[in-house]
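Asker: Have a look at this one.
The values are calculated or read from the model by the stated rules, or taken from the named source; none is laboratory data. Because the structure is predicted, anything quoted here is derived from the model rather than measured. Cβ placement follows ideal geometry from the backbone for every residue including glycine, while neighbour counts extend to all protein chains displayed.
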Amino acid sequence: MLRTSDLLKGTTPALILAALAKEDLYGYRIIKLIQEESDDALKLGEGSVYPVLHALESKGLVKGRWETREIGPARKYYALTSKGKKELKTAAATWRGYSTAVEGVLGFAGV
């Protein structure tokens, strides 16, 4: 049976890009923002977010920068690049088409 966690794996890059469209964020804050914006329905772990962030950075979709703090260790903040903004638009359009198609089938099934 399909679980939310299965769906989350395929949408994690788009969710991260969407979070970064709001403002520059560090990894843990990305996790919390996605959780908050989804009313706790989407819960990402650090073990899944950081590898995706690194992959997005290597593709030029996000750019990281280190910021020092007066208290605590430095944090790496990520910002959406222009290439990342284009990718987010494409991902959003793809998701809308896919979700509309799935809704059509589920509705047809009387669910």
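Asker: Condition check: on the phi < 0 side of the Ramachandran plot and at pLDDT below 95. Does residue 73 satisfy that?
Answerer: When the stated conditions are applied, residue 73 passes them.
Asker: What are the residues in segment 41-55 that are in contact with a Lys or Arg (Cβ under 9 Å, 6 or more places away or on another chain) and among the small types (Gly, Ala, Ser), if any?
Answerer: 48, the sole residue that qualifies.
Asker: Tally the residues that are of a type in the set (A, V, I, L, M, F, W, C) and without any contact (Cβ under 8 Å) to a residue 12 or more places away in the chain, restricting the search to segment 67-85.
Answerer: 2
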